[in-house]
Structure formats: structure tokens, C-alpha cells
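Since the structure comes first, as C-alpha cells, the remarks are kept for the end.
Bear in mind that the values in this text are calculations on the coordinates, not laboratory data. Predicted, not measured: the structure shown is a model, and the values here were computed from it. Glycine also receives a Cβ, built like all others from the backbone with ideal geometry; neighbour counts cover every protein chain displayed.
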Amino acid sequence: MGKLKGVIIAVVLVALVGGFYFYVSNIGKDNDDVVVSAVQNVLLRNLDNDYPATPKELVKYYGDITKCLYNENYSEEQLAQMADKMIALYDDELAENNPRDQYIVDLKAAVKDFSDKNYTIISYTTSSSTDVEEYTHEGRKCASLYCTYSIKTGADYVSSKQVFVLRKESGTGHWKILGFDIINE
């Protein structure tokens with residue numbers, strides 16, 4: 001009887017150790033199966049809690065959205081959500097000059113034109129943090145920096161350089177896009 005009891009305890013211990021090993025080795029595997037698309041990634045950012053802290057981070061997030069708009073597949077609803085994210089990055093003056101409904105129409109047209117020309121944004125780079133020019137204009141903090149997009153068109157590659165002018169909001173302290181322009185090189 002003593003030997004039988006010892007064998008049963010050994011079998012139970014081996015089963016427990018094996019079960020524990022199986023459990024530990026599979027922790028997190030369910031999460032690995034979830035793939036978030038680039039569009040979902042930019043839309044998941046909660047700007048109320050995670051607003052870009054610096055001019056460079058703001059332009060990088062804007063670049064992420066732009067790359068999604070011009071490269072990825074998405075629904076009409078997702079396009080509107082990305083447009084809302086972009087407008088949320090705009091200074092009040094720029095937002096007022098771009099009413100949401102018209103902005104979405106213009107954005108769709110720009111994306112279609114880009115697509116019709118078979119352009120693809122390969123990457124983008126922003127000015128280094130040390131190259132961000134901060135200054136005061138009419139009593140408000142402003143900053144300017146560059147973003148260069150690398151674009152593939154057929155077998156060729158071109159770059160498009162934009163200058164961004166940002167202004168710091170008085171109430172929130174958030175940097176907002178006051179304007180931007182393409183630099184002809």
C-alpha cells in the first residue's frame with residue numbers, strides 16, 4: 001500500500017509540474033495573435049491622455065497619420081476618424097479654415113490623386129530635436145521644423161520636404177500646427 005501511495009503522489013506531482021510548465025510557457029500567446037494595423041494604431045492614440053509633448057513628436061504623429069492615409073486600406077469611417085485626429089492637431093486658426101466636412105472631401109480627393117499616380121510614402125523623417133527652431137511671435141511661443149517624406153513613384157524615388165509652423169496653446173500648453181508648406185528644392 002505504501003508503494004502505491006508513493007506512485008500516486010509521484011504521478012500527481014509530475015502532472016502538476018507538467019501542467020504548470022504548460023501554463024507558464026503559454027502565457028501571453030493569445031496576445032501575440034492580435035495584430036494591430038497601422039491605421040488602428042494611429043486611431044488608438046487617445047489625444048486627451050497622450051498628446052504629443054514636443055513639436056517633433058507632434059509632427060511624427062502627423063506623419064504616421066499621413067502615411068496611413070496615403071498607403072493603407074481603411075473604411076470611410078476610419079478616414080473620418082483620421083481626419084478628426086489631424087484636425088485635433090491643428091491650431092484653432094487652421095481648424096477654423098478647414099471645416100470638417102470640406103476637409104474630409106478635400107482629403108479624399110488628395111488621397112485619390114496620390115493613389116492614381118501610383119505614389120507610395122516609403123518613410124518620413126523629421127528635424128532632429130536640436131533643429132527645431134523655437135521663437136516668440138506676438139507674445140506666443142512658436143516653433144518650426146521640417147518633415148521630409150520619401151515617396152516611391154513607379155521605379156523612382158523622390159522626396160517631398162515640408163516646413164511645419166507650430167504654436168503653443170496658452171490653456172493646455174499643447175503644440176498645435178498653425179500651418180505647413182511644401183518646400184520646393
_Less than 13 Å Cβ to Cβ from Thr153, Lys/Arg counted +1 and Asp/Glu -1: what total charge do the surrounding residues give?_
-1
_Per-q log10 I(q)/I(0), region 38-183, q = 0.15, 0.17, 0.21 Å⁻¹ (Debye; single scatterer per alpha-carbon; no solvent)_ = -0.79, -1.02, -1.50
*How much of the calculated P(r) for region 68-143 lies past 18 Å, in percent of all Cα pairs?*
57 percent
*Could you check how many percent of all C-alpha pairs in region 134-185 are farther apart than 17 Å?*
47 percent
*Which pairs in the list Lys67/Lys168; Lys85/Lys168; Lys141/Lys176; Lys108/Lys168; Lys60/Lys117 are over 21 Å apart, alpha-carbon to alpha-carbon?*
Lys67/Lys168; Lys108/Lys168; Lys60/Lys117
_Give the separation of the Cα centroids, region 114-145 to region 51-111, in Å._
14 Å
